[in-house]
Amino acid sequence: MLRKLNLIWVLVLMLAVPNVSSAMDSVKPFLGRWGLYLPGGAGWLEVKQMDTYIDASLLWYGGSVEPVTSVYMEKETLVVTRTRNYVRTTDAAGAPTRTHTVQVLYRFQLFGDLLVGEMVNPEKDGSCTYTRFTGKKIADVPAAPDLSKLVFGKPIKLFNGKDLTGWKLMEEGKTSGWSVVEGTLVNDPVQKEGQPHLSYGNLCTTEKFEDFNLKLQVNVPAGSNSGIYLRGIYEIQVLDSYGKPLDSHNMGALYSRIVPSVSAEKPAGTWQDVDITLCDRHVTVKLNGVTIIDNQPVLGCTGGAITADEFIPGPIYLQGDHGKVSYRNIELRPIVK
């Protein structure tokens, strides 16, 4: 009898031990970087196999690329979670007295080369919303190009200094804060006190481009924020970050992805020179004559991208929904391949 009990306990313990090798095997098709094709936007997922666990980072529409709360295999389904807090009640001073932490679930399945996903988002009222989407594996980033050997085509003046010829508001139904003032392209998204909130739009070129060198001048008022999107996919941050520690959200950074190697910002309200080269999914940024990103690989789209497809031509777009900003002398030279 005792021998039988011991055997039962051994079987119970065996069943209780997680099948780590099985999880590591089943996750293999998901490893790597994925462009996520979301309704009306773009996202990005990276899945990595560490020594004893699976890890992942996620970009969902806007914001930053962030590590997920957890990631695990549910048989052949990859499950990623993020958490959100809902404050239910507060005391007289406004401090939370009851908070719910909910899990946002992202489930991924593979059908051949196609990634099919669903996001389950618990809402504050106790209901759930669902978003279905697809994804494609992103090819490895190629070797860094030799910038000294690039051949450029004829320069294109994207802004004529007179009007918005060659540009259009990117989103239908948004308010335009863009105008031309004394030869300068100005965005001024003013909210009038006591009136309904206005949703301002981004401005994009009507022409689309592949790889290129882009030069422009930008003037950012104190505390303001904008962005320059390359092919509508990668954002070079425009921000009043003068005097702040190095960060992937500072002026000239590839937003949330590449930290500038050195601070080269000028004080707010000063015209600043921006020189960007995008080639073979590598980016170089010179700010005020200083190289702050040197031919670094781009691992995926950034928040606010119009598509997750990094292999098609796209517009230059200027973020107009954040704060006041001015641009001038915008010139692009396409790279001839």
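So which residues in the range 316-337 are crowded, with 22+ Cβ neighbours inside 10 Å and either more than 16 Å from the chain's Cα centre (by Cα) or in a loop (DSSP other than H, G, I, E, B) (or both), if there are any at all? Please lay out each step first, then the result.
Quick first cut of the range 316-337, residues crowded, with 22+ Cβ neighbours inside 10 Å only: 316-320, 325, 327, 330.
Matches in the range 316-337: Ile316, Gln319, Gly320, Val325, Tyr327, Ile330.
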- Message: Kindly evaluate Gly135 against the criterion of being in contact with a strand residue (DSSP E or B) (Cβ under 7 Å, 6 or more places away or on another chain), under 30 Å from Arg84 (Cα atoms) and not hydroxyl-bearing (Ser, Thr, Tyr).
- Response: yes
- Glu171 passes all but one of (1) in contact with a Lys or Arg (Cβ under 8 Å, 6 or more places away or on another chain); (2) assigned to a loop (DSSP other than H, G, I, E, B); which number fails? (1)
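Here is a yes/no grid of residues against (1) farther than 16 Å from Leu36 by Cβ; (2) charged (D, E, K, R):
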site	(1), (2)
Val80	no, no
Ala92	yes, no
Thr99	yes, no
Glu123	yes, yes
Lys137	no, yes
- Query: Under 7 Å by Cβ, and 6 or more places apart or on different chains, what pairs join a residue from the range 177-196 that is closer than 13 Å to Phe159 by Cα and in contact (Cβ under 8 Å) with a residue 40 or more places away in the chain with one that is loosely packed, with under 15 Cβ neighbours inside 10 Å and not aliphatic (A, V, I, L, M)?
  - Reply: Gly183/Gly161; Val186/Ser179
- Given (1) under 19 Å from Ala42 (Cβ atoms); (2) surrounded by fewer than 11 Cβ atoms within 10 Å (Cβ to Cβ); (3) in contact with a Lys or Arg (Cβ under 7 Å, 6 or more places away or on another chain), where does Val104 come up short, assuming only one miss? (2)
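Do we have any residue at all in the range 94-111 that's of a type outside the set (A, V, I, L, M) and touching a Phe, Trp or Tyr at 6+ places or on another chain (Cβ under 6 Å)? I'd like the intermediate steps shown before the answer.
Just the residues of the range 94-111 that are of a type outside the set (A, V, I, L, M), to begin with: 94, 96-101, 103, 106-109, 111.
Checking the rest, the ones that are also touching a Phe, Trp or Tyr at 6+ places or on another chain (Cβ under 6 Å) come to 100.
Checking the range 94-111: at least one residue is of a type outside the set (A, V, I, L, M) and touching a Phe, Trp or Tyr at 6+ places or on another chain (Cβ under 6 Å).
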- Within the range 222-259, track down each residue that is of a type in the set (Gly, Ala, Ser) and outside any loop (DSSP other than H, G, I, E, B). Ser226, Gly227
- Task: Among the residues of the range 43-63, write down those that are farther than 23 Å from Asp140 by Cβ and of a type outside the set (Phe, Trp, Tyr).
- Result: Thr52, Gly62, Gly63
- Mind checking whether some residue in the range 47-64 is in a strand (DSSP E or B), touching a residue at least 24 places away in the same chain (Cβ under 8 Å) and among the charged types (D, E, K, R)? no
- Matching residues, the range 134-167, being more than 22 Å from the chain's Cα centre (by Cα), surrounded by 13 or more Cβ atoms within 10 Å (Cβ to Cβ), in contact (Cβ under 8 Å) with a residue 40 or more places away in the chain and farther than 14 Å from Lys215 by Cα: Pro145, Leu147, Leu150, Gly161, Gly166
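Can you name the residue in the range 107-125 that is acidic (Asp, Glu) and within 21 Å of Val47 (Cα to Cα) and is also farthest from the chain's Cα centre (by Cα) among such residues?
Residues of the range 107-125 that are acidic (Asp, Glu), as a first pass: 113, 118, 123, 125.
Now narrow it down to the ones that are within 21 Å of Val47 (Cα to Cα): 113, 118.
Working: Asp113: 23, Glu118: 19 Å.
Across the range 107-125, the extreme among qualifying residues is Asp113.
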- Of all residues in the range 191-215, count the ones that are under 22 Å from the mean Cα position of the chain (by Cα) and either in a loop (DSSP other than H, G, I, E, B) or of a type in the set (A, V, I, L, M) (or both). 8
- Scan the range 267-303 for residues that are buried (at least 22 other Cβ atoms within 10 Å of the Cβ) and small (Gly, Ala, Ser) and jot them down. Gly300
- Find all pairs meeting these conditions: Cβ atoms under 6 angstrom apart; at least six residues apart or on different chains; first residue within the range 263-275 and among the charged types (D, E, K, R); second residue at pLDDT below 95 and in a strand (DSSP E or B). none
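The values are calculated or read from the model by the stated rules, or taken from the named source; none is laboratory data. These numbers come from a predicted model, not from an experiment. No Cβ is skipped: glycine too gets one built from the backbone with ideal geometry, and neighbour counts run over all protein chains shown.
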